[in-house]
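S.K.: My questions will all concern the structure given below.
The values are calculated or read from the model by the stated rules, or taken from the named source; none is laboratory data. Quantities reported herein were computed from a predicted structural model and do not represent experimental measurements. Positions of Cβ are backbone-derived with ideal geometry, glycine not excepted, and every protein chain shown enters the neighbour counts.
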Amino acid sequence: MTPTEQLKIVIVGHVDHGKSTFVGRLFHDTGSLPEGKLEQLQKIAERRGVPFEWANLMDALQSERDQNITIDTAQIWFQTKKRQYVIIDAPGHKEFLKNMITGAANAEAALLLIDANEGIQEQSRRHGYLLNLLGIRQIAVLVNKMDLQEYSQDRFEQIERDYRAFLKTIGVEPKLFIPIAAKHGDNIATLSKNTPWWTGPTVLAALDEFKVAEAPDNQPLRFPIQDVYRFDDRRILAGRVEAGSIKVGDKLLFSPSNKVSTVKTIERWNAPEISSASAGESIGVTLTEQIFVERGAVAALETDPPYELNRFKARLFWLGRAPFKMGRLYKLKLATQEAECEIASIEKIIDASTLETVVRDGDQNYVGRHEVAELTLRTKRPFAFDAHSEIVSTGRFVVVDGFEVAGGGIVADDIYPKRTADSLHKSGNIYWSHGKVTPQQRALRNGHSGCVVWLTGLSGSGKSTIATELERELFNHGQHAYVLDGDNVRHGLGSDLGFSPEDRKENIRRIGEVAKLFANAGMICITAFISPYRADRDLVRKILAGGPNQFIEVFVNAPLAVCEQRDPKGLYAKARANEIKEFTGISAPYEAPDQPEIELNTDQITVAESVARIMEYLHVQDEGTLISI
């Protein structure tokens, strides 16, 4: 009777440490080869006048594999009396290390090969660290090519002693070490007479001792949407249940759009309709309310949603040829989500082979090849995720540089704000109040419409100076104008907020809402805020969208050196002395506007010229849409 239990294992090791030979021998010794395949390859080798190599079996099977299998790693099957196995063979040369992220990401256990002749290599240490980073805890180390060391017990014990000591420093406790000679089949399926001193299990016996991970049915539901299909008048959301379970009647929240609907049906392809599904099942669902959902959304029960933020802490293994640099944009992939990302901050860099903290003489703002980093990533839009320690499938990610996977990692634990079902809903009794004075009537009385002139730029660029001069100039023309200054607002409205990226975001959101009220009142609201993040400024633009108000983004552009030379409040000096943390331009980034309505190069033009430019722009808009002076 064919066993139904299945375990996925990954096989890793330094180049030429014998993985392909081991897999070929494993297939032969478990009777898993197609009938006649071994004899066919032996005859081919004989005709070519070359010795038969067990590694050739792996190459032959790989070339004949199903086209649906990823080209990054070979996935092949064999079985014992206890269970079926899927081998995910990840290439071992460091040029192909990135494939291990794909290969090892789905594995529940690992076999790590070390050549008894060559001993522990840098790549051996990196593989150990990467398996640990990916959360694979069931590991057996196979000391291969024992025949080249005359099956020396001392050599085996030396490698075990040294490698155990290394793995212990990264918190990895391998199940066991096994001496093998894959070429001759020693200790793979049967115990070898060449190692009478070895009293432990064979490789197959050790594999059967590994435990199959339980499906994460008891975790919160995570159902990333892979695609949306239309059949007749139905929209079917297709994907794989990564954690938890789902049933008809469940109320789902789709992140990051925060739209809610109820499961109407659960469907499978070429199978009867079902009323529920669990982790590991690929299904389609239809909804009772036809909301717009697209690929990348993550469905969860409304009562237990994932985190939804545009930044998170991570542990990342970098594999790209070019370094992972601050200030550059990359693509982040997590589940079916994709978005641009960048490094917000780097807390620590570690050499994966020595485990030493990397300290550079110069630029510390990048992660080099084969280095591990503890850092904070920021995405250009909110991302749905979980800490890796909570839910594995939505706690892993890869980073793409250009068109290649260049790094991968896990979402680290942190104090992320958890959403609740109650926080996702406004009271049904709250309505926007419309007065009896229309915006058009206000504009007619005031002589201009309300708007928001949003000045953004580094500290010292001239925002506040320009804002107050603009206010006076507009006032002298009989216009209703008022300045919302950053420091003034923090005395009251933002007095409970600090200067972390999260608090900056909330500060700008509050200002945007207040500025909207000013504009609704027919005022020309002038704001002077650093507002360093594009996403936050775009949020204010959206807050003001849909009405008669306009958002005029003014980039007050002055080079950092000029701003630092001016330093009107002495803040740069304090930041350089590490007295101010998260200071924009020094220890925190500033994201310049992509397409501001106005750009003022204040290192080249005067305050008066800057004000005149804004006034001129306001006149240009004199078409009943903004302001008439």
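S.K.: Exactly one of these conditions fails for ARG328: (1) more than 19 Å from the chain's Cα centre (by Cα); (2) in a loop (DSSP other than H, G, I, E, B); (3) farther than 30 Å from LEU221 by Cα; (4) not small (Gly, Ala, Ser). Give me its number.
M.R.: Of (1) more than 19 Å from the chain's Cα centre (by Cα); (2) in a loop (DSSP other than H, G, I, E, B); (3) farther than 30 Å from LEU221 by Cα; (4) not small (Gly, Ala, Ser), only one is false for ARG328: (1).
S.K.: Turning to a different aspect of this structure: Quick check on my filter: what residues within region 242-264 are over 16 Å from VAL293 (Cα atoms) and of a type in the set (Val, Ile, Thr)? If you could, list the steps in order and put the result at the bottom.
M.R.: Filtering region 242-264 for residues over 16 Å from VAL293 (Cα atoms) gives 242-250.
Hits for region 242-264 are ILE246, VAL248.
S.K.: Search region 134-166 for residues being among the basic types (Lys, Arg) and closer than 11 Å to ALA116 by Cβ, and hand back the single one that is surrounded by the fewest Cβ atoms within 10 Å (Cβ to Cβ). Let's see the steps before the verdict.
M.R.: Residues of region 134-166 among the basic types (Lys, Arg): 137, 145, 155, 161, 164.
Restricting the remaining residues to those that are closer than 11 Å to ALA116 by Cβ gives 145, 155.
Values: LYS145: 24, ARG155: 18.
By that ranking, first place goes to ARG155.
S.K.: Could I ask something else about it? Exactly one condition in (1) surrounded by 20 or more Cβ atoms within 10 Å (Cβ to Cβ); (2) modelled with pLDDT under 90; (3) more than 21 Å from THR80 (Cβ to Cβ) is not met by GLY171; state its number.
M.R.: Answer for GLY171: the failing condition is (1).
S.K.: Give the residue, chosen from ARG509, ARG504, that is in the same structural domain as ASP594 (by TED's automatic domain parsing), surrounded by fewer than 16 Cβ atoms within 10 Å (Cβ to Cβ) and under 22 Å from VAL556 (Cα atoms). Give the derivation first.
M.R.: On the way: ARG504 fails: surrounded by fewer than 16 Cβ atoms within 10 Å (Cβ to Cβ).
Result: ARG509 is the single residue among ARG509, ARG504 that is in the same structural domain as ASP594 (by TED's automatic domain parsing), surrounded by fewer than 16 Cβ atoms within 10 Å (Cβ to Cβ) and under 22 Å from VAL556 (Cα atoms).
S.K.: Of all residues in region 230-249, which are more than 26 Å from the chain's Cα centre (by Cα) and assigned to a strand (DSSP E or B)?
M.R.: Initially, region 230-249 is screened for residues more than 26 Å from the chain's Cα centre (by Cα), giving 230-236, 247-249.
Scanning region 230-249 gives ARG230, PHE231, ARG234, ARG235, ILE236, LYS247.
S.K.: If you don't mind, another one. Can VAL372 be described as in contact with a strand residue (DSSP E or B) (Cβ under 6 Å, 6 or more places away or on another chain) and without any contact (Cβ under 8 Å) to a residue 24 or more places away in the chain? Full working, then the answer.
M.R.: On the way: in contact with a strand residue (DSSP E or B) (Cβ under 6 Å, 6 or more places away or on another chain): yes; without any contact (Cβ under 8 Å) to a residue 24 or more places away in the chain: no.
In short, no.
S.K.: Say whether the condition of being assigned to a loop (DSSP other than H, G, I, E, B), closer than 24 Å to ARG534 by Cβ, modelled with pLDDT of 90 or more and in contact with a strand residue (DSSP E or B) (Cβ under 8 Å, 6 or more places away or on another chain) is met by at least one residue in region 381-392.
M.R.: Narrowing region 381-392 to residues assigned to a loop (DSSP other than H, G, I, E, B): 386-392.
Pick out the ones that are also closer than 24 Å to ARG534 by Cβ and you get none.
No: zero hits.
S.K.: A further question follows. Every residue in region 267-289 that is assigned to a strand (DSSP E or B) and either without any contact (Cβ under 8 Å) to a residue 24 or more places away in the chain or closer than 16 Å to ARG222 by Cβ (or both), please.
M.R.: If we filter region 267-289 for residues that are assigned to a strand (DSSP E or B), which is where we start, we get 267, 274, 276-278, 282-287.
Those that are assigned to a strand (DSSP E or B) and either without any contact (Cβ under 8 Å) to a residue 24 or more places away in the chain or closer than 16 Å to ARG222 by Cβ (or both): ILE274, SER276, ALA277, SER278, SER282, ILE283, VAL285.
S.K.: Restricting to region 470-484, count the residues that are surrounded by 18 or more Cβ atoms within 10 Å (Cβ to Cβ) and among the charged types (D, E, K, R). Give the steps one after another, and end with the answer.
M.R.: Residues of region 470-484 that are surrounded by 18 or more Cβ atoms within 10 Å (Cβ to Cβ), as a first pass: 470-471, 474, 479-481, 483-484.
Now drop any that are not among the charged types (D, E, K, R), which leaves 471.
Number of matching residues: 1.
S.K.: Just checking, which of PRO216, PRO196, PRO201 is in the same structural domain as ASN117 (by TED's automatic domain parsing) and closer than 29 Å to VAL86 by Cβ? Walk me through it before giving the result.
M.R.: Values: PRO216 fails: in the same structural domain as ASN117 (by TED's automatic domain parsing); PRO196 fails: closer than 29 Å to VAL86 by Cβ.
Selected residue: PRO201, the only one of PRO216, PRO196, PRO201 that is in the same structural domain as ASN117 (by TED's automatic domain parsing) and closer than 29 Å to VAL86 by Cβ.
S.K.: Now for a separate question. Name the single residue, out of those in region 461-503 being of a type in the set (Lys, Arg) and at pLDDT 90 or above, that is farthest from THR584 (Cα to Cα). Reasoning before the result, please.
M.R.: Going residue by residue through region 461-503, those that are of a type in the set (Lys, Arg) are 463, 472, 490.
With at pLDDT 90 or above added as a condition, the list becomes 463, 472.
Numbers: LYS463: 15, ARG472: 28 Å.
Applying the filter and picking the extreme gives ARG472.
S.K.: Let me ask something additional. Among the listed residues THR195, THR199, identify the single one that is touching a residue at least 40 places away in the same chain (Cβ under 8 Å), of a type in the set (S, T, N, Q) and part of a loop (DSSP other than H, G, I, E, B). Reasoning before the result, please.
M.R.: Working: THR199 fails: touching a residue at least 40 places away in the same chain (Cβ under 8 Å).
Only one candidate passes the filter, namely THR195.
S.K.: Which of the residues spanning region 403-415 are surrounded by fewer than 19 Cβ atoms within 10 Å (Cβ to Cβ) and under 20 Å from GLU347 (Cβ atoms)?
M.R.: Correct list: ALA412, ASP413, ASP414, ILE415.
S.K.: Moving on to the next point. For the subset of region 563-608 comprising residues that are touching a Ser or Thr at 6+ places or on another chain (Cβ under 8 Å) and in a helix (DSSP H, G or I), which member is surrounded by the fewest Cβ atoms within 10 Å (Cβ to Cβ)?
M.R.: VAL607
S.K.: What number of residues within region 447-488 are farther than 24 Å from GLU599 by Cα and either in contact (Cβ under 8 Å) with a residue 40 or more places away in the chain or not assigned by TED's automatic domain parsing to the domain that holds ARG541 (or both)?
M.R.: Residues flagged as farther than 24 Å from GLU599 by Cα and either in contact (Cβ under 8 Å) with a residue 40 or more places away in the chain or not assigned by TED's automatic domain parsing to the domain that holds ARG541 (or both) within region 447-488 amount to 1.
S.K.: Is it true that some residue in region 227-236 is outside the structural domain of GLN79 (by TED's automatic domain parsing), surrounded by 14 or more Cβ atoms within 10 Å (Cβ to Cβ) and not charged (D, E, K, R)? Show your work before the answer.
M.R.: From region 227-236, those outside the structural domain of GLN79 (by TED's automatic domain parsing) are 227-236; that's our starting set.
The next check asks that each one be surrounded by 14 or more Cβ atoms within 10 Å (Cβ to Cβ); those that pass are 228, 234-236.
Checking the rest, the ones that are also not charged (D, E, K, R) come to 228, 236.
Among the residues of region 227-236, at least one is outside the structural domain of GLN79 (by TED's automatic domain parsing), surrounded by 14 or more Cβ atoms within 10 Å (Cβ to Cβ) and not charged (D, E, K, R), which makes the answer yes.
S.K.: Right, ALA575: free of Cβ contacts under 8 Å to residues at least 60 places away in the same chain and farther than 18 Å from VAL453 by Cβ or not? Spell out the reasoning first.
M.R.: Details: free of Cβ contacts under 8 Å to residues at least 60 places away in the same chain: yes; farther than 18 Å from VAL453 by Cβ: yes.
Judged against the criteria, ALA575 is a match.
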